Amino acid sequence: MEALLRQSRAMCPFLNKTSPATLRSMSMSTSTNTSVHSAAPGGGAMSNLQIIARRCPVMGKALSVQSSRVANSALSGAFGGTRAYHAKVPRARLHTNAPNQAQAHDIPAVRRDHAPFSPPMSRAQPAAANAQQHQHQHGVAPEPPKPVKFDYDAFYQNELDKKHKDKSYRYFNNINRLAQDFPRAHMSTPEERVTVWCSNDYLGMGRNPQVLKRMHETLDTYGSGAGGTRNISGHNQHAVGLEGTIAKLHAKEAALVFSSCYVANDATLATLGSKFPNCVILSDSMNHASMIQGIRHSGAKKMVFKHNDVQDLEAKLASLPPEVPKIIAFESVYSMCGSIGPIEEICDLADKYGAITFLDEVHAVGMYGPGGAGVAEHLDYETYANGRNPRGTVQDRIDIITGTLGKAYGCVGGYIAGSAKMVDTIRSLAPGFIFTTSLPPATMAGAQTAIEYQQAYQGDRRLQQLHTRAVKGTLAEMDIPVIPNPSHIIPVLVGNAEVAKAASDLLLEKHQIYVQAINYPTVPVGQERLRITPTPGHIKEYRDHLCQALDSVWNELGIKRTSDWAREGGFIGVGEKDAAAVEPLWTDEQLGLKDFKEDLKTGQGALGALENVLERERVQVGQTVAAAA
Ligand SMILES: Cc1ncc(COP(=O)(O)O)c(C=O)c1O
């Protein structure tokens with residue numbers, strides 16, 4: 001009971017501010033009001049806790065359905081009391097079209113339970129007081145006051161006001177990326193051209209000629225939509241082919257495709273967390289909202305460990321009994337700061353404490369590893385590059401890998417990959433997979449082509465890494481504060497929500513550069529930033545333009561430079577005096593920078609030498625893309 005109370009309390013918007021002692025006493029006390037409103041579903045009086053629960057938007061519905069079922073069976077007379085509480089309505093009856101069955105829900109108890117929650121403290125109370133006074137003065141009972149209805153508009157306005165007040169209100173820009181002119185886009189009119197510097201189409205696969213060709217062909221042959229869920233008419237050769245390719249990509253037995261990786265993460269964690277008995281999910285503090293939501297939906301106990309802190313994770317694992325099922329949920333590349341998870345150490349801890357690992361590779365697939373399978377593959381670069389047996393590699397040790405088809409693969413959709421039994425379990429149990437229409441055939445076919453293209457060709461991700469190095473190098477020379485990290489993400493620290501938005505607006509309006517400001521709640525207050533993501537298409541002309549524009553905006557708005565942060569002792573890696581240098585995950589050797597080293601020896605600066613390499617790469621990649629068309 002105690003554990004149940006604690007769990008319910010954490011999830012409930014009404015009760016989470018109430019102390020356990022109060023909850024306990026409420027669960028044991030009953031209302032003195034004996035009206036029908038406080039009759040327990042199984043007969044008898046409701047506890048005060050049940051009365052409050054009925055007003056909850058989540059529990060209220062469940063209780064009302066339960067009340068209606070119980071009311072029906074209680075009326076039938078045979079099983080009143082506690083047994084009625086557990087009585088089940090046969091499934092088929094709920095699915096019938098017969099009007100008398102459909103009315104099962106339309107009983108007064110249900111209407112009561114849908115009463116507005118938290119009605120505005122409006123006319124109702126003064127009216128009641130006036131009525132009492134009226135009766136007292138005139139001895140005649142007046143008309144009862146009309147019930148006050150929930151003010152939906154006031155509710156929306158209040159929520160929006162809160163977002164404006166804490167500066168977390170989101171403004172969307174109308175950006176129409178041009179397939180023939182990547183990474184250029186136009187705004188609301190075709191004449192308003194801008195360069196996009198914050199797209200997650202990290203490799204420009206959204207315009208890859210092979211992907212587009214396959215999508216056009218599939219669209220013409222099989223039409224626009226899948227026509228159903230996977231179970232009912234939406235399973236096809238495209239899903240089979242795509243899942244086979246994903247399983248191969250990650251060297252796993254099986255894979256399963258979802259509408260998005262948000263859904264994949266949510267559905268998988270919610271299903272496993274709720275099905276494993278007494279499951280505990282250990283979650284990195286910087287995990288994406290999709291995982292946080294999945295954990296919430298599972299109802300499992302959650303333990304948050306400090307970002308990338310294996311000591312903290314181990315302390316938490318050690319506090320749990322060995323027999324308890326545990327899932328460690330974390331990411332490879334954290335997209336807002338570019339940090340990379342300690343995957344191998346986490347696998348070691350999982351082995352030691354009997355946990356399974358759930359790794360989100362959303363910001364890594366396509367871009368790391370010799371085949372583009374992500375950071376886990378990258379950590380055993382040689383093994384995979386040389387086609388050796390992958391058993392025992394870091395990727396092999398991960399139990400569940402999740403990825404997206406919507407970022408580096410340029411399409412849309414998400415997936416999980418792992419053992420055949422795990423995948424079959426999710427396929428069989430996860431509502432987020434079962435009860436939704438499959439991805440369109442053309443999307444699945446395009447995504448499969450994108451994965452296969454990136455498995456076979458390294459040029460795009462090498463160029464992406466080289467452009468990233470070039471931008472980071474130039475910004476460092478310009479004293480523009482980049483949060484150091486080993487990945488392809490360039491988070492430029494601003495440190496204030498309004499200034500970050502002003503910087504983004506100025507870049508767009510004055511310099512025709514689109515970089516979205518990243519504010520709370522995506523990043524903590526005070527760590528607001530511009531998040532820049534170079535792609536293979538960000539050639540020197542665009543990079544020079546970006547760096548000069550940033551320099552100009554930093555001057556115009558008086559934003560702190562790296563040296564300013566250093567004078568204050570540094571902040572989140574920016575301007576920190578004794579911070580160790582952060583090496584990129586892609587090493588010089590992996591990027592094939594032999595000529596780069598030669599150029600350095602001839603006395604060119606690092607950036608000059610890098611530009612030479614980039615020019616050679618640009619020509620090669622251009623030829624490959626043209627050949628693929
Ligand atoms: C870490 C992480 N996981 C999952 C997702 C969701 O992926 P998708 O866009 O496929 O829904 C995102 C989306 O941005 C993400 O950043």
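What follows is calculated from the coordinates using simple rules that are stated; it is not laboratory data. The shown structure was predicted, so the numbers you read here are calculated from the model rather than taken from an experiment. Because the Cβ atoms are built from the backbone with ideal geometry, glycine has one as well, and the counts that use them run over all protein chains shown.
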Handout entry: Residue that is farthest from the chain's Cα centre (by Cα) [pool: residues in the range 578-599 that are in a helix (DSSP H, G or I) and buried (at least 16 other Cβ atoms within 10 Å of the Cβ)]
Key = Asp599
Completion exercise
Within the range 222-248, residues of a type in the set (Val, Ile, Thr) and touching a helix residue (DSSP H, G or I) at 6+ places or on another chain (Cβ under 8 Å) come out as Thr229, Thr245, Ile246
Practice task
Assess whether Thr436 counts as being of a type in the set (Ser, Thr, Tyr), within 15 Å of the ligand (Cβ to nearest atom) and farther than 30 Å from Pro484 by Cβ.
Solution key: yes
Practice task
Could you tell me whether the range 240-255 includes any residue that is surrounded by fewer than 24 Cβ atoms within 10 Å (Cβ to Cβ), within 16 Å of the ligand (Cβ to nearest atom) and among the hydroxyl-bearing types (Ser, Thr, Tyr)?
Solution key: no
Practice task
Would you mind telling me which numbered condition in (1) more than 14 Å from the ligand (Cβ to nearest atom); (2) in a helix (DSSP H, G or I) His235 fails?
Solution key: (2)
Handout entry: Evaluation of Ile175 against (1) on the phi > 0 side of the Ramachandran plot; (2) touching a strand residue (DSSP E or B) at 6+ places or on another chain (Cβ under 6 Å) (one fails), failing number
Key = (1)
Completion exercise
Among helices (runs of 4 or more DSSP H) entirely inside the range 351-413, those with 3 or more residues being more than 16 Å from the ligand (Cβ to nearest atom) and not small (Gly, Ala, Ser) are 381-385, 394-397
Practice task
May I ask you to list the residues in the range 509-540 that are closer than 24 Å to Gly410 by Cα and assigned to a helix (DSSP H, G or I)?
Solution key: Lys540
Exercise for the section: Please identify the pairs in which a residue from the range 188-204 that is surrounded by fewer than 21 Cβ atoms within 10 Å (Cβ to Cβ) has its Cβ atom under 6 Å from the Cβ atom of a residue that is of a type in the set (A, V, I, L, M, F, W, C) and part of a loop (DSSP other than H, G, I, E, B), counting only partners at least 6 apart or on another chain. Expected result: Cys198/Val515
Handout entry: Selected residue (criterion: farthest from Val494 (Cα to Cα)) from residues of the range 554-577 that are of a type in the set (A, V, I, L, M, F, W, C) and part of a loop (DSSP other than H, G, I, E, B)
Key = Ile572
Fill in the blank from the handout: Over the range 291-315, the set of residues touching a helix residue (DSSP H, G or I) at 6+ places or on another chain (Cβ under 6 Å), touching a residue at least 40 places away in the same chain (Cβ under 8 Å) and either within 16 Å of the ligand (Cβ to nearest atom) or not small (Gly, Ala, Ser) (or both) is Met291
Exercise for the section: Filter the range 478-508 for residues that are part of a loop (DSSP other than H, G, I, E, B) and either hydrophobic (A, V, I, L, M, F, W, C) or crowded, with 23+ Cβ neighbours inside 10 Å (or both) and give the result. Expected result: Met478, Ile480, Pro481, Ile483, Ser487, His488, Ile489, Val494
Problem - Residues that are surrounded by fewer than 16 Cβ atoms within 10 Å (Cβ to Cβ) and among the basic types (Lys, Arg), drawn from the range 285-319 - result: Lys306
Handout entry: Qualifying position, being surrounded by 21 or more Cβ atoms within 10 Å (Cβ to Cβ), within 16 Å of the ligand (Cβ to nearest atom) and more than 21 Å from the chain's Cα centre (by Cα), among Ala450, Ala430, Ala417
Key = Ala450
Exercise for the section: Please enumerate the residues belonging to the range 138-175 that are outside any loop (DSSP other than H, G, I, E, B) and under 30 Å from His186 (Cα atoms). Expected result: Leu160, Lys163, His164
Handout entry: Where a residue in the range 212-233 is touching a residue at least 24 places away in the same chain (Cβ under 8 Å) and its partner, wherever it lies, is among the basic types (Lys, Arg) and part of a helix (DSSP H, G or I), with Cβ under 7 Å and at least six apart
Key = none
Problem - Qualifying residue in the range 461-475 (condition: touching a residue at least 24 places away in the same chain (Cβ under 8 Å) and outside any helix (DSSP H, G or I)) - result: no
